[in-house]
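K.L.:
Could you have a look at this structure, given as structure tokens, before my questions?
The values are calculated or read from the model by the stated rules, or taken from the named source; none is laboratory data. None of these values were measured; they are calculated from a predicted model. Counting neighbours? That spans all protein chains shown, and the Cβs are built from the backbone with ideal geometry, glycine included. SASA here: full protein model, heavy atoms, side chains in, ligands and nucleic acids out. Shrake-Rupley method; radii C 1.70, N 1.55, O 1.52, S 1.80 Å.
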Amino acid sequence: MSTVYALLFIVATVVLVIGLARKIAQYARTPAPLKIPTTPAPVTQTGVVMRMFREVVFFESLFKSTKWTWVFGWLFHMALFVVLLRHLRYFMDPVWLPIQLIQPIGVYAGFAMLAGLAGLLVRRIFVDRVRYISAPSDYLWLLVLLFIGISGLMMKFVSHTDIVMVKQFFTGLMGFSIGTLPVDFPLIIHLTLVALLMILFPFSKLLHVPGIFFSPSRNQVDNPREKRHLAEWAKAMEE
């Protein structure tokens, strides 16, 4: 079992890293032929940076669009961020002080993450206009994330897992040494779904995570009168 999961996470990590790198390179190469910032837009590069910061951290455009979706979406993403930081302890020795300090908060963040996901799932089921445009994969990703969160909390409050062994397994795996993984049902479900998420992430709509930084409606300066916008391929045609 330990060998199977070691190989699974090696494959998942390779797929995630290479897949993300290829997608980000594709986004970076894709030309933006038009000047299309969503107005009102900043007229300086500093303003664009601040706008992107507000968008990434506070979900500014979603807040202006629909408050209920913003509440559940922001709650889920911020809680997930804290949970991911908390999980860094399994990959470092010694554990950095900031990671140690957020350990108690990370437990509550797990419940907050589930609350946000549950709200987003209920929205997809009961809001007509959202249900109409929802694909099966939209429900699948919400369910996968829900079960990742549920199985993670089960290891904390229902069926306690030997986290020391789990840490030894992953720190050893980083050095290409296969240790022993506890065979606990919640842990196996948790790790299987995490590996599935890592493998499919670069090919899913969850790529809005890096994609937002390449969105021309967000990352462009609103200066069409001051400076002519010309895509690289258009420059080549002119020359």
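K.L.:
Using every alpha carbon pair in the stretch 83-159, what percent of pairs falls into each 5 Å bin from 0 up to the bin containing the largest distance?
P.N.:
3, 14, 21, 18, 15, 12, 8, 6, 3, 1, 0
K.L.:
Check the straight Cα-Cα distances from Lys23 and name the lysines below 27 Å, setting aside those fewer than 8 residues away within the same chain.
P.N.:
Partners within reach: Lys35, Lys205, Lys235.
K.L.:
Still on this model: On alpha-carbon atoms, Rg over Rh for the chain using Kirkwood Rh? Show your work: numbers first, answer last.
P.N.:
Numbers: Rg = 21.1 Å, Rh = 20.6 Å.
Using Cα coordinates only, the ratio equals 1.03.
K.L.:
Modelling each spin label as a point 7 Å along the Cα-to-Cβ direction, I'd like the Thr171/Ile18 distance in nm, to one decimal.
P.N.:
Spacing of the two 7 Å Cα→Cβ label points: 3.0 nm.
K.L.:
For Val209, Val56, Val144, give the ranking by accessible area with the largest first, probe 1.4 Å. Walk me through the numbers before you get to the answer.
P.N.:
Numbers: Val209 80, Val56 50, Val144 15 Å².
The ordering from most to least exposed comes out as Val209, Val56, Val144.
K.L.:
Another question about this same structure. At a Förster distance of 25 Å, what's the computed FRET efficiency of Gln26 paired with Ser61, Cβ-Cβ distance as r, to 0.05? Walk me through the intermediate numbers first.
P.N.:
Working: r = 24 Å, r/R0 = 0.94.
Taking R0 as 25 Å, the efficiency between Gln26 and Ser61 is 0.60.
K.L.:
Using the heavy atoms of the protein chains alone and a 1.4 angstrom probe, what is the accessible area of the stretch 91-131 per residue in square angstrom? Working shown, then result.
P.N.:
Working: 2590 Å² over 41 residues.
That works out to 63 Å² for each residue.
K.L.:
Once fully extended, how much extra length lies between Arg129 and His77, figured as 0.36 nm per residue of separation less the alpha-carbon to alpha-carbon distance?
P.N.:
Numbers: separation 52, 0.36 × 52 = 18.72 nm, distance 2.29 nm.
Residue separation times 0.36 nm, minus the Cα-Cα distance, leaves 16.4 nm.
K.L.:
Let me ask something else about it. Could you compute how much accessible surface Asp93 exposes when probed at 1.4 Å, giving the result in Å² to the nearest 10?
P.N.:
130 Å²
K.L.:
For Ala115 and Phe91, what does the FRET efficiency come to when R0 = 30 Å and r is the distance between their Cβ atoms, rounded to the nearest 0.05? List each step's numbers first, then the result.
P.N.:
Working: r = 27 Å, r/R0 = 0.89.
Once rounded, the FRET efficiency stands at 0.65.
K.L.:
Quick one: Karplus J couplings for the stretch 54-60, per residue in order, coefficients 6.51, -1.76, 1.60, θ = phi - 60°, nearest Hz, x for Gly and Pro?
P.N.:
5, 5, 6, 8, 10, 6, 4
K.L.:
Something else about it: On the accessible surface of the chain, probed at 1.4 Å, how many percent belong to carbon and sulfur atoms? Please list the in-between numbers first.
P.N.:
Numbers: 10630 of 14910 Å².
Answer for the chain: carbon and sulfur cover 71 percent of the accessible area.
K.L.:
Specify which residue in the list Ser134, Pro202, Phe81 is farthest towards the positive end of the charge dipole of the chain, using unit charges on the beta carbon of Lys, Arg (+1) and Asp, Glu (-1), about the Cα centre.
P.N.:
Among Ser134, Pro202, Phe81, the one farthest towards the positive end of the dipole of the chain is Ser134.
K.L.:
A follow-up question, please. At R0 = 22 Å, how high is the FRET efficiency between Leu101 and Met50 if r is their beta carbon distance? Nearest 0.05 is fine. Provide the component values of the computation, followed by the final result.
P.N.:
On the way: r = 28 Å, r/R0 = 1.28.
Calculated value: 0.20.
K.L.:
By its C-alpha gyration tensor, with a ≥ b ≥ c as the square roots of the eigenvalues, how is the stretch 32-153 shaped: rounded for a/c under 1.5, else prolate for a/b larger than b/c, else oblate?
P.N.:
Values: a/c = 2.39, a/b = 1.21, b/c = 1.97.
It is oblate, given that a/c is not under 1.5 and a/b is not larger than b/c.
K.L.:
Here's a follow-up. Taking Lys167 as the anchor, which lysines have their alpha carbon closer than 20 Å to its alpha carbon, excluding any fewer than eight residues away along the same chain?
P.N.:
Lys156
K.L.:
Let me ask something else about it. Write down the accessible area per residue of the stretch 1-80 in Å², having rolled a 1.4 Å probe over the full set of protein chains.
P.N.:
Working: 5100 Å² over 80 residues.
So the stretch 1-80 comes to 64 Å² accessible per residue, rounded to a whole number.
K.L.:
Dividing the convex hull volume of the Cα atoms of the stretch 28-84 by its residue count, what figure in Å³ per residue is obtained? Write out the running numbers ahead of the final one.
P.N.:
Values: hull volume 6.9 nm³, N = 57.
With only Cα atoms used, the stretch 28-84 gives 122 Å³ per residue.
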